[in-house]
Structures are given as C-alpha cells and as structure tokens.
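Input: a single structure, listed below in structure tokens.
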Amino acid sequence: MATMRDLDQLCLAMPEVEKNEDSEGRPSWQVAGKTFCFHRSQRPDAVDDKGERLADVLVFWVDSLEEKDLILADDRGIFFTTPHWNGYKAVLTRIPRLKELRKAELREFVENAWLTRAPKKLAKAWLAEHGH
C-alpha cells in the first residue's frame, strides 16, 4: 500500500531531483528543471460526480502515448486522463488511490516518470547502474 510519503521518498531518491511546493503546499518533483510528477491544482477538467473540482490529483509523465494507453487500460482504474491531457504523455491519479498500488509499483511509476524527463546522459548512467 503506497502513500504520499512513499511518493516523496521515491522521487527524492532519484538522482538530481529537486522538490518544490506551490503557495498552497502542493509538491512537484523536477530533474534538470523538468517536472516528472506533481500534485496538480484544481482544474475544471477534473471533477467529481457532483461537478466539484478535484483537489487531490497527481500527474506522472510516461514514456509514450502507447504506454499511457496501456496504463489507462488497467482494470483497476487507478489512473485516468482528461481532455486537457489528450496528446500529452502523462497519466493522472487521485492521491487516495495511491493505497491501491504496491510500493514497488509506485517505484516503477516514479522511475519511469523520472527517466522521461532526465537528461539523456544522467538517465543512461542511472540505467547502467541499475542493470537496465
């Protein structure tokens, strides 16, 4: 069962990651100035059944639109997208749904998101070090 604490620890364990928080305390994690995961502000394209804007949405960058489609096809329905994200290589989830992921699954999402945004030389060195 994964948590926001796990997400923070996993993100910060990746090389050259910086964590920032916006004025409302929502975190984002960057490598070389590029965000790979963040707690999104409320937006009109992500609403609950009553039309209220969701305040608990996380965004993870993914490697390709094909990978995005595979993640979105997961029967558990943990990840989703909105029309705003059409054409973008990113998936969304709600913070309470993190608990439906094993920590190893969350680690994989973080590592893959980081790899999509890290400089090529840094990503290549990390992959070599971790036997990928």
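The values are calculated or read from the model by the stated rules, or taken from the named source; none is laboratory data. Here the structure is a predicted model, which is why all the values come from computation and not from measurement. Heads up, the Cβs are rebuilt from the backbone with ideal geometry, glycines too, and the neighbour counts pull from every protein chain shown.
Points to keep in mind about this one:
- One residue stands out among those in region 61-101 that are within 13 Å of the chain's Cα centre (by Cα) and of a type in the set (S, T, N, Q): the one that is farthest from Ala2 (Cα to Cα), which is Thr81.
- Selection count where residues are at pLDDT below 95, in a strand (DSSP E or B) and hydroxyl-bearing (Ser, Thr, Tyr), scope region 1-53: 0
- Within region 3-10, the presence of at least one residue that is surrounded by 14 or more Cβ atoms within 10 Å (Cβ to Cβ) and in contact with a strand residue (DSSP E or B) (Cβ under 8 Å, 6 or more places away or on another chain) is confirmed.
- Of all residue pairs spaced 6 or more apart or on separate chains, those with beta-carbon atoms under 8 Å, a first member in region 44-67 that is more than 25 Å from Asp8 (Cα to Cα) and a second member that is polar (S, T, N, Q) and assigned to a loop (DSSP other than H, G, I, E, B) are Asp45/Thr82.
- Within region 52-94, being exposed (fewer than 14 other Cβ atoms within 10 Å of the Cβ) and in contact with a His (Cβ under 8 Å, 6 or more places away or on another chain) holds for no residue.
- The residues of region 98-116 that are in contact with a Phe, Trp or Tyr (Cβ under 9 Å, 6 or more places away or on another chain) and surrounded by 18 or more Cβ atoms within 10 Å (Cβ to Cβ), listed by number, are Leu101, Phe109, Val110, Glu111, Ala113, Trp114, Leu115, Thr116.
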